[in-house]
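Working notes, beginning with the structure itself.
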Amino acid sequence: MCKRLLLITTLLLAMAVPTYAHLTGAFADFLAIVYDETTISTLHEELAQTRADIEALTPQVAEAENVFRDNQQQAIMQLQAYAETGLDTWLTMMKQGNDVVDLLGNQWLMEQQITTYLQQLNVLYSEFKTLEQAQQSLQGHEQLLYAIEKNLQAREAFLAETAGLELDVIANYLDIDWTAEVEAHIIADLTADMNVINDELLQWVQQPALTLPEQWLNDKSAATYYFRNDHIYMEYELEFAHVLILGQVLQQETGDAAQFVIEAGFYNGFFLPEELLVELSGWSIAYETLQQLDGVDQPYITQQNGYLQIVSK
């Protein structure tokens, strides 16, 4: 996993280049790089390995689920049998004049058998969910790699379209396109995400696990979020633009909320300069709202693969 996370960072940060003072435009510092085709080939290798890992894990998940479902059905049938015959057996034994000690002993044996069934079922469920979560983590990783590939392909296409132009002209094109056609859209949609979280935060929470799944937000957002345990990745697409935003969900200094703090961004494969990045503000999660949940006193948020976890101190 660490290797994969390092690769993602390398693929994205490989676009940075030294400063060239004679260039103009916010993106100028990042345009002198020669497009490196090995970046795409390395990405494809990682995609192929991830796909192979998913394929290897899929039958294991299916087998574990089948074993759990079979045992679950058997346990249900057994518990139903206990429920249907337990009281009749008890009454029959009482009519036959059985000793109270015998009655309690039989009841204890029955309870022990039920407990054993449930414990065995819980172990099988835990094994199945562990494999399923590993599979889902790999699938999320694969989807994120595809998003990175789109960003790199957008850079390649832009460089092909502007081949032969002076670097300062290309830089100005990027500045104009971002300011005129992208920035307002992404700011508006980040604001929309903030509003829906404010209005529907408790609907986002999955009980009893106290998780905030990425899919809930993706269903309501114009962007696509990839929640990973290292970063939050936000993919934003328009007909003419592909944007990747990287950040983390961190506790605000005031201690009353967690915020999606944006740390870096890539527009059509070009690193977003700080003066443009600061215009983007990430959403936040109010702790006061989370405290309305049962058992949540002093909440904070941790990042996991596919979801955010609410933890109560």
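Let's see how each residue does on (1) part of a loop (DSSP other than H, G, I, E, B); (2) among the hydrophobic types (A, V, I, L, M, F, W, C); (3) open to solvent by 10 Å² or more (accessible area, probe 1.4 Å):
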site: ILE187; (1), (2), (3): no, yes, yes
site: TRP216; (1), (2), (3): no, yes, yes
site: GLU237; (1), (2), (3): no, no, yes
site: GLY247; (1), (2), (3): no, no, no
site: GLY265; (1), (2), (3): no, no, no
site: GLU279; (1), (2), (3): yes, no, yes
site: THR289; (1), (2), (3): no, no, yes
Right, VAL169: touching a Leu at 6+ places or on another chain (Cβ under 7 Å) and part of a helix (DSSP H, G or I) or not?
no
Which members of segment 218-235 meet the condition of being of a type in the set (D, E, K, R) and surrounded by fewer than 20 Cβ atoms within 10 Å (Cβ to Cβ)?
ASP219, LYS220, ASP230
I want to confirm something. Restricting to segment 189-214 and keeping residues that are touching a strand residue (DSSP E or B) at 6+ places or on another chain (Cβ under 6 Å) and assigned to a helix (DSSP H, G or I), which single residue is nearest to GLN143 (Cα to Cα)?
GLU214
Restricted to segment 121-161, and to residues that are charged (D, E, K, R) and within 16 Å of the chain's Cα centre (by Cα), which residue is modelled with the highest pLDDT?
GLU142
Would you check which residues across segment 189-206 are open to solvent by 20 Å² or more (accessible area, probe 1.4 Å) and closer than 10 Å to ILE310 by Cβ and list them?
GLN206
Are there any pairs, at least 6 apart or on different chains, whose C-beta atoms fall under 8 Å, with the first in segment 183-207 and in contact (Cβ under 8 Å) with a residue 24 or more places away in the chain and the second buried (at least 16 other Cβ atoms within 10 Å of the Cβ) and of a type in the set (Asp, Glu), and if so, which?
none
Given the condition touching a Lys or Arg at 6+ places or on another chain (Cβ under 6 Å) and either hydroxyl-bearing (Ser, Thr, Tyr) or touching a residue at least 24 places away in the same chain (Cβ under 8 Å) (or both), answer yes or no: does some residue in segment 243-262 qualify?
no
Return yes or no: is GLU279 out of contact with any strand residue (DSSP E or B) (no Cβ under 8 Å at 6 or more places or on another chain) and modelled with pLDDT under 90?
no
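The values are calculated or read from the model by the stated rules, or taken from the named source; none is laboratory data. Source: prediction; values computed, not measured. So basically every Cβ, Gly included, is an ideal-geometry build from the backbone, and we count neighbours across all protein chains shown. To get the accessible areas, we keep the full protein, side chains included, count just its heavy atoms, and leave off ligands, DNA and RNA. Shrake-Rupley method; radii C 1.70, N 1.55, O 1.52, S 1.80 Å.
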